[in-house]
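So the structure is just underneath, and the comments pick up after that.
Derivation of every value follows stated rules applied to the coordinates shown; laboratory data play no part. Bear in mind the structure is a predicted one, so any value in this text is a computation, not a measurement. Here Cβ is always computed from backbone atoms with ideal geometry, including for glycine, and neighbour counts include all displayed protein chains.
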Amino acid sequence: MKKLVKENIQKFAPYIVDKEPVRILLNANESPYNLFQYLKEEFIGKLEGRDLNRYPDTDSEDLRKALAKYLVVQKENIICGNGSDEIIQMIIHTFVGKGDTVIIPTPTFSMYGKFSSIGEGKVIEVPSYEDFKINVGEIIEQANKNRAKLIFLCNPNNPTGTLISREFILEIIQKTSSMIVLDEAYGDFCKENNLDLIKNPKVIILRTFSKAFSLAGARLGYGISHKNTINTLYKVKSPYNLNTFSQLIGEMVLENVDLVKRVIEKIIKERDRVFQELKNIKTVQVYPSHANFIFMKSEKIETIIMECKKEGIAIRDYSDPSLKEYIRLSIGTPEENDQVLNIIKGV
Ligand code: PMP
């Protein structure tokens with residue numbers, strides 16, 4: 001059987017998530033607050049009217065209308081997917097052929113590289129500076145030299161929390177002819193707004209309900225772009241890609257967006273508190289974050305990881321040798337954050 005598997009797939013391992021029971025989950029940048037508890041009855045009521053023997057709306061019309069209203073764009077500017085992961089895959093299916101170049105500033109979200117390689121693209125990683133600001137000059141040079149089809153910009157960046165300045169984004173758009181994917185999975189945790197950039201059909205913005213909207217379990221993400229680009233992405237979209245339940249809960253959460261905004265404020269406040277506390281710990285180097293997590297470095301990282309594990313706290317560590325001394329802490333409830341802070345202070 002192995003010989004039948006495409007050569008570029010053979011080298012991959014499946015995406016593995018640790019299933020060991022833990023008390024506190026601070027490893028996946030989820031929201032610690034479950035909004036669904038407020039919406040459960042209404043959700044069940046609304047489900048009554050749905051025919052689950054029928055396929056969902058393949059175009060997620062009502063959800064796209066609700067999103068368009070929320071974002072102040074047209075529904076024709078939006079495509080919905082089973083998590084923004086699915087939109088990333090659609091983009092790669094649409095633009096990347098065998099051997100086509102994809103530019104990825106690193107370190108960043110690993111799925112850009114993985115999906116590009118599965119699509120037989122040629123990934124060029126452009127390392128960021130020591131403070132994790134992206135190397136704009138090198139990104140532009142590599143993109144032009146290799147006629148790159150895509151450039152992924154994660155803003156704010158996972159795992160570092162770094163924000164890319166508007167000026168840098170504009171420079172990359174102006175000086176390259178590649179498609180620019182601006183992944184704003186964590187954009188709700190900062191005040192930047194780059195939505196006006198979708199006037200340019202080369203720009204695709206990605207957003208998700210998994211982080212600030214407390215709906216990681218619903219697997220709901222979307223792309224925002226010029227309508228011509230969205231129509232092109234529609235060519236590769238699977239039929240009925242987003243199930244009835246996720247479309248419905250997405251619409252409901254948008255109707256209750258004040259709840260979401262309160263959660264975002266709480267998380268930002270906590271993030272800033274945790275950052276200050278970490279900054280006061282001498283053995284730790286912490287990076288300013290514009291997202292719902294904090295990236296940090298310590299010579300004692302192995303002990304911190306071990307102590308967290310012992311206490312049943314999941315944090316994100318890295319097997320990549322260049323990130324061995326780093327961890328990423330998702331922001332949890334104040335009580336959860338205090339428990340990790342106490343461990344780090346103790347170490
Ligand atoms: N982009 C970034 C930067 C992420 O960190 C993640 C999830 N960790 C995703 C996209 C995918 O999000 P989802 O598929 O849950 O929408």
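General observations
- Listed residue pairs exceeding 30 Å between alpha carbons, taken from K69/K211; K19/K279; K6/K309; K114/K297; K114/K345: K19/K279; K6/K309; K114/K345
- Per-residue 3J(HN,Hα) values for the stretch 210-221, derived from phi via the Karplus relation 6.51 cos²θ - 1.76 cosθ + 1.60 with θ = phi - 60°, read 6, 10, 5, 8, 6, 10, 4, x, 8, 6, 9, x Hz in sequence order (x marks Gly and Pro).
- Between Q37, Q142, Q74, the residue with the greatest mean-square fluctuation in the GNM of the chain (Cα pairs under 10 Å linked by springs) is Q37.
- Stokes-Einstein D (µm²/s) once Rh is taken as the Kirkwood radius of the stretch 187-279 over alpha-carbon pairs, at 20 °C in 1.002 mPa s: 139 µm²/s
- Once the convex hull of all Cα atoms in the stretch 218-347 is built, its volume per residue stands at 174 Å³.
- Selection from Y70, P334, V181, by position along the positive dipole direction of the chain (Cβ): V181
- Gyration tensor over the Cα atoms of the stretch 117-177: the corresponding equivalent ellipsoid has semi-axes (square roots of 5 times the eigenvalues, largest first) of 19, 15, 10 Å.
- Couplings 3J(HN,Hα) for the stretch 147-158, derived from phi with the Karplus relation 6.51 cos²θ - 1.76 cosθ + 1.60 (θ = phi - 60°), are 6, 4, 7, 9, 10, 8, 10, 9, 9, x, 7, 9 Hz, where x marks Gly and Pro.
- Dipole size of the chain about its Cα centre, with +1 on Lys/Arg Cβ and -1 on Asp/Glu Cβ: approximately 740 debye, rounded to the nearest 20.
- Centre-to-centre separation between the Cα atoms of the stretch 108-133 and those of the stretch 180-208: 18 Å.
- Of I344, N135, H290, farthest towards positive along the dipole that unit charges on Lys, Arg, Asp, Glu beta carbons give the chain: N135
- Under a model in which nothing but the beta-carbon of Lys, Arg (+1) and Asp, Glu (-1) is charged, the stretch 180-310 shows a dipole of about 200 debye around its Cα centre.
- Computed over the stretch 49-117, the ratio Rg/Rh where both radii use C-alpha atoms and Rh is Kirkwood: 1.09
- From its DSSP helices (H runs of at least four residues, each -39,500 (n - 2.57)), the chain gives a residue-normalised ellipticity at 222 nm of -12000 deg cm²/dmol.
- Alpha-carbon Debye profile of the stretch 120-246, log10 I(q)/I(0) at 0.09, 0.17, 0.19 Å⁻¹: -0.28, -0.99, -1.20
- Rounded Å value of the spacing that divides the Cα centres of the stretch 282-331 and the stretch 29-46: 30 Å
- Antiparallel bridge percentage (DSSP; both residues within the chain; nearest 5): 50 percent
- Within the listed set G119, G221, G99, the residue fluctuating most in the Gaussian network model of the chain (springs between alpha-carbon atoms under 10 angstrom) is G99.
- Computed on the Cα atoms alone, the convex hull of the chain gives a volume of 155 cubic angstrom per residue.
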